[in-house]
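Heads up, the thing below is written out as structure tokens.
The values are calculated or read from the model by the stated rules, or taken from the named source; none is laboratory data. Note that the structure is a prediction, hence the values are computed from the model and not measured. Neighbour counts run over all protein chains shown; Cβ positions are idealised from the backbone, glycine included. Only protein heavy atoms, including side chains, enter the accessible area calculation; ligands, DNA and RNA are left aside. Shrake-Rupley method; radii C 1.70, N 1.55, O 1.52, S 1.80 Å.
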Amino acid sequence: MKSLSVILFFLTLRLSNFAQQHGFGGTVTDSLSNKVVSGALIYVIKFDDSLIVSYGYSDSAGQYAFVDIVPGTYRLIISCPGFADYVDKIEVQ
């Protein structure tokens, strides 16, 4: 098992406007091997009150997407066994 203190997720995050629907997506990769990470659990949590807005999993190509996200500030948490959790503050516009 990889050391949790050494392994970090590398996240490619792209914010976009999907035909009047606000959302974002990206690819989860291992920062050491640069390989995609499939099956990672991804949470979108409101920054101000910590309510879970949405969640999902990265697909076999490590990709994920969330649509119909209300513009605002969120905390993005990515978790997968054998890896350290990735936490980031994001803005959806």
Discussion item. Can you find, within the stretch 61-74, the residue that is farthest from residue 42 (Cα to Cα) among those that are open to solvent by less than 80 Å² (accessible area, probe 1.4 Å) and either in a strand (DSSP E or B) or small (Gly, Ala, Ser) (or both)?
Written reply: 72
Worksheet item: So is residue 88 among the charged types (D, E, K, R) and crowded, with 17+ Cβ neighbours inside 10 Å or not?
Response: no
Response to the item:
Scanning the stretch 71-93 for residues that are in contact (Cβ under 8 Å) with a residue 40 or more places away in the chain and of a type in the set (A, V, I, L, M, F, W, C), the one nearest to residue 24 (Cα to Cα) turns out to be 92
Fill in: Scope the stretch 66-89; condition of a type in the set (A, V, I, L, M), closer than 16 Å to residue 22 by Cβ and at pLDDT below 95; matching residues
67, 69, 70
Response to the item:
Filtering strands (runs of 3 or more DSSP E) wholly in the stretch 20-60 for at least 1 residues that are more than 14 Å from residue 89 (Cα to Cα), free of Cβ contacts under 8 Å to residues at least 24 places away in the same chain and open to solvent by 80 Å² or more (accessible area, probe 1.4 Å) gives 52-57
